[in-house]
């Protein structure tokens, strides 16, 4: 996902440039395009703060600016498609920008692979989930339940519960299990004691979620680019004239 900032509608302004200013045009235009893209990025980040509930730093930093050059007079604001160990932002921001359904999370893929999550089902935090300040399940609890269910499947990585003494001491295999209503799996529960009431639902299995379009990525980008590009061009041209080599 990206929005490109280009030089459009500048015919009248370019017609009034002096020869000296025309010589500075590639530098000034590249600078103006890049600064406008930075304005677009900042505006979309403000939208994120408004439409999302306590967005994480990872979410706010999911945008980056591809700067313009004198030899490539366009800049762009893009959503990162690489997330390191985490899921790439472009993966989960798409439903917020376009609306509709979302793709499976890593947890869901792993649970499907183990045959624990039925086809067509997705996971959401249960009432007993330990949530962080952003409303997401804490990573430590996810790791424990995935280990207890033996759902880790990464090559070269083995955090699944086993019969070893160390694994038994952790107790994840006995603590987490798939809860059923009759024969239907309804979620992942955690035992916190020996009593019947010492159970809490950590993950609930639900139907496919559908998202309404919430983040006006392209609308905001168009508006800010149209508003800021003339301003940034005037500033950039003035800077180019001040700093030109005589």
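None of the figures in this text is laboratory data; all of them are computed from the coordinates on show. This is a predicted model, so every value here is computed, not measured. Cβ: placed from backbone, ideal geometry, glycine included. Neighbour counts: every protein chain shown.
This ranking places 176, 58, 27 by how few other beta-carbon atoms lie within 10 Å of each, fewest first, which gives 58, 27, 176. Between residue 174 and residue 71, the distance separating the two model label sites (each 7 Å from Cα on the Cα→Cβ line) works out to 6.7 nm. Spin-label pair residue 183-residue 211: with each label point 7 Å from Cα along the Cα-Cβ axis, the two points sit 3.5 nm from one another. One Cα centroid belongs to the range 180-234, the other to the range 47-100; the line between them spans 16 Å. Protection proxy ranking for 236-243, 28-35, using the average of other Cβ atoms within 10 Å per residue and placing the highest first: 28-35, 236-243.
Note on mean projected area of the Cα convex hull in nm²: of the candidates (i) 18.6; (ii) 16.3; (iii) 13.4, the value calculated from this structure sits at (i). Name the shape class, rounded, prolate or oblate, that the alpha-carbon gyration tensor gives for the range 187-238, where a ≥ b ≥ c are the square roots of its eigenvalues, rounded holds for a/c under 1.5, and otherwise prolate holds if a/b is larger than b/c and oblate otherwise. Here the range 187-238 falls in the prolate category.
Fewest to most neighbouring Cβ within 10 Å: what's the order for 36, 220?
220, 36
Between 133, 45, 228, the Gaussian network model of the chain with springs among Cα atoms under 10 angstrom shows the greatest mean-square fluctuation at 133.
Using the average count of surrounding beta-carbon atoms within 10 Å as a protection proxy, the listed peptides 116-123, 178-185 rank, highest first, as 116-123, 178-185. Of the residues 22, 196, 139, the one that moves most in a GNM of the chain with alpha-carbon contacts below 10 Å is 196. Would you please give the FRET efficiency between residue 23 and residue 2, computed as 1/(1 + (r/R0)^6) with r the Cβ-Cβ distance and R0 = 25 Å, to the nearest 0.05? Once the sixth-power term is evaluated, E becomes 0.20. Can you tell me the orientation of helix 89-98 relative to the chain, as the angle in degrees between its alpha-carbon axis and the longest Cα principal axis, to the nearest 10? Approximately 80 degrees, to the nearest ten. Residues of the range 182-220 with an amide N closer than 12 Å to a point placed 7 Å from the Cα of residue 127 along the Cα-to-Cβ direction: 199-202. The angle between the Cα long axis of helix 139-148 and the main principal axis of the chain comes to about 40°, on a 0 to 90 degree scale. Spin-label pair residue 113-residue 50: with each label point 7 Å from Cα along the Cα-Cβ axis, the two points sit 4.1 nm from one another. Taking the longest Cα principal axis of the chain as reference, the axis of helix 25-51 is set at about 30 degrees.
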